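Q: Here it is: the structure, laid out below.
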Amino acid sequence: MARHGFSAFSVLWPAALIVLTGCFGPLVPAPTSSSAAPTTTAGPNATPTTAASSPPTTAAPPSSAPASPTATEQPTTPAFPEQVAPLTIYYVAVGDNGVSGPAIGCGDSLVATTTAPVRFTDQVAPSIGTLLANKSRDVSQSGLVNVLYRSNLSYAGGELTGSTITIRLSGQFMLAGVCDIPRAKAQLEYTAMAASGATSAQVFINGRPIDEVLSLK
C-alpha cells in the first residue's frame with residue numbers, strides 16, 4: 001500500500017489561510033475628514049441626526065478699498081450763538097456819590113453806556129476791547145470819565161465759571177492818582193460782568209491779580 005507523504009506543513013497551510021481570511025474579511029475604507037459625526041438631541045425620544053458637512057472656509061481676499069479714517073476731531077462750535085447787539089461799557093461819574101450808578105471809591109459813581117450794535121459770539125472780548133481802545137478821557141458830552149485812556153492794556157482771554165467772570169489782560173496801567181485805582185478796577189469788572197451776565201469778576205494783569213498790580217501804584 002502506497003503511503004502518501006503529507007508533511008505537517010502541507011496540512012496546516014490551507015487551514016491557516018482559511019483562518020486568516022475569516023479574521024480580516026473585506027477591507028473597510030477609513031473615515032474621511034468630510035464625514036460628520038452623528039449628534040444626538042436631548043430627550044428620551046430623540047433620534048440621532050447627522051450634521052451636514054460644511055464646505056471648507058477660505059479667507060476673504062483683502063479689500064483694495066482704503067479703510068475709512070477714524071474721526072478724531074469734532075468740529076468746534078462757538079460757546080454762544082452769533083448775535084448783533086449794543087455793548088455795555090462802564091465809565092465814571094466823578095463826585096456823583098452813587099446817584100447815577102453803583103458807588104465806588106472817592107465818592108464816585110459807575111455809569112453804564114451803550115455802543116452801536118456790534119456783531120459777536122462772545123460779548124466779553126469786544127466789550128473789554130472797546131473799553132481799552134478808548135483813548136479819550138472824556139466820554140463825549142456826558143460828563144463821564146474814562147480813567148483807562150492812557151493805559152496800555154489789551155485783552156488776552158477770559159472764562160466764565162459759575163457766576164464769576166475771569167478776564168486776563170496784558171500790558172500796564174497808566175493812572176493819574178490814588179482815586180483812579182478803584183475807578184479803573186470798577187470799569188473793568190463791571191464791563192466784564194455786564195457782557196457775561198456774571199455777578200462777580202476777577203481781573204488778572206500779566207498773570208497777576210489786579211489788586212496786587214494796582215497796590216504798587
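No value in this document is a laboratory result; all are computed from the given coordinates. Just so you know, these numbers come straight off a predicted model, no measurement behind them. Ideal geometry is used to build each Cβ from the backbone, glycine not excepted, and the neighbour counts take in all protein chains shown.
Q: Hey, could you check segment 117-146 for residues that are aliphatic (A, V, I, L, M) and under 19 Å from MET193 (Cα atoms) and say which is surrounded by the fewest Cβ atoms within 10 Å (Cβ to Cβ)?
A: Within segment 117-146, the first condition is being aliphatic (A, V, I, L, M), and the residues that meet it are 118, 124-125, 128, 131-133, 139, 144-145.
Restricting the remaining residues to those that are under 19 Å from MET193 (Cα atoms) gives 118, 124-125, 128, 131-133.
On the way: VAL118: 14, VAL124: 26, ALA125: 16, ILE128: 26, LEU131: 22, LEU132: 21, ALA133: 12.
So, considering only residues that are aliphatic (A, V, I, L, M) and under 19 Å from MET193 (Cα atoms), the one surrounded by the fewest Cβ atoms within 10 Å (Cβ to Cβ) is ALA133.
Q: Ok, one more. When you go through (1) crowded, with 16+ Cβ neighbours inside 10 Å; (2) touching a Pro at 6+ places or on another chain (Cβ under 9 Å) one by one for ALA93, which number turns out not to apply?
A: Checking ALA93 against (1) crowded, with 16+ Cβ neighbours inside 10 Å; (2) touching a Pro at 6+ places or on another chain (Cβ under 9 Å), the one that fails is (2).
Q: Across segment 168-187, what is the total count of residues that are on the phi < 0 side of the Ramachandran plot, of a type in the set (Gly, Ala, Ser), surrounded by fewer than 16 Cβ atoms within 10 Å (Cβ to Cβ) and touching a strand residue (DSSP E or B) at 6+ places or on another chain (Cβ under 6 Å)?
A: Residues meeting the conditions: 1.
Q: Follow-up. Step by step: first the residues of segment 147-167, then only those that are of a type in the set (Val, Ile, Thr) and touching a Ser or Thr at 6+ places or on another chain (Cβ under 8 Å), then the one that is surrounded by the fewest Cβ atoms within 10 Å (Cβ to Cβ). Which residue is that? Show your work before the answer.
A: Of all residues in segment 147-167, those of a type in the set (Val, Ile, Thr) come to 147, 161, 164-167.
Within this subset, residues satisfying the condition of being touching a Ser or Thr at 6+ places or on another chain (Cβ under 8 Å) are 164-165.
Working: THR164: 15, ILE165: 23.
Selected residue: THR164.
Q: Further question: With the requirement that a residue be closer than 17 Å to LEU87 by Cα, assigned to a loop (DSSP other than H, G, I, E, B) and not hydroxyl-bearing (Ser, Thr, Tyr), what does segment 120-151 give you?
A: Listed by number, the residues that qualify are ASP122, GLN123, ASN134, ASN146.
Q: Can I ask one more? Is it the case that some residue within segment 108-116 is part of a loop (DSSP other than H, G, I, E, B) and among the polar types (S, T, N, Q)?
A: At the first step, the residues of segment 108-116 found to be part of a loop (DSSP other than H, G, I, E, B) are 115-116.
Within this subset, residues satisfying the condition of being among the polar types (S, T, N, Q) are 115.
Within segment 108-116, one or more residues are part of a loop (DSSP other than H, G, I, E, B) and among the polar types (S, T, N, Q).
Q: Restricting the search to segment 166-217, which residues are under 25 Å from PRO86 (Cα atoms) and either among the charged types (D, E, K, R) or part of a loop (DSSP other than H, G, I, E, B) (or both)?
A: ARG168, ARG183, LYS185, GLU189, GLY197, ALA198, THR199 - these are the residues of segment 166-217 that are under 25 Å from PRO86 (Cα atoms) and either among the charged types (D, E, K, R) or part of a loop (DSSP other than H, G, I, E, B) (or both).
Q: To continue, here is another question. For GLY105, state whether it is within 20 Å of ILE210 (Cα to Cα), out of contact with any strand residue (DSSP E or B) (no Cβ under 7 Å at 6 or more places or on another chain) and among the small types (Gly, Ala, Ser). If you could, list the steps in order and put the result at the bottom.
A: Numbers: within 20 Å of ILE210 (Cα to Cα): yes; out of contact with any strand residue (DSSP E or B) (no Cβ under 7 Å at 6 or more places or on another chain): yes; among the small types (Gly, Ala, Ser): yes.
Answer is yes for this residue.
Q: OK, next. Please specify each residue of segment 154-180 satisfying the condition of being within 25 Å of VAL94 (Cα to Cα) and without any contact (Cβ under 8 Å) to a residue 12 or more places away in the chain.
A: GLY177
Q: Further question: Only one of (1) over 19 Å from ALA201 (Cα atoms); (2) touching a helix residue (DSSP H, G or I) at 6+ places or on another chain (Cβ under 9 Å) is not met by ASN134, so which one is it?
A: All conditions pass for ASN134, except number (2).
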